[in-house]
1. Given points 7 Å out from each Cα along the Cα-Cβ axis, report the residue 35 to residue 64 separation in nanometres with one decimal.
2. Could you compute the net charge surrounding residue 60? Neighbours are other residues with a C-beta less than 14 Å from the C-beta of residue 60; K and R count +1, D and E count -1.
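Here, each number is a calculation from the coordinates, and none is a lab measurement. Fair warning: this is a prediction, and the values are worked out from it, not measured in the lab. Neighbour counts are summed over all protein chains in view; Cβ atoms, including those assigned to glycine, are modelled from backbone coordinates with ideal geometry.
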Amino acid sequence: MVSRFDEIELPEWALVTAMVATDLARLPVSVTDSTEAAIALALAHKLDSGGELSVAPVSKELREVMAILRSRADSLGDSGDSVDELGAARAARRAGAAG
């Protein structure tokens, strides 16, 4: 099963962003199609870029957002995304791209 997060190409120095993308790729699409998933990637990029004077608050926020996403995935339990649902999501994206 390939996630859109598996397709993100990052430079070697972007370790936090790469790990967040890997974690997101393991979560159901219904969880990662969210603002929180986008925030997680943005926070990871902020940490990797090195522009922060203090990484502690950004790191804490990233951990909290990832905990929210994992909790949502856990709450789906067995009713989470199936291969069929992922295939349907891909088909819908292709149909939308085709016009």
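1. 1.5
2. -1
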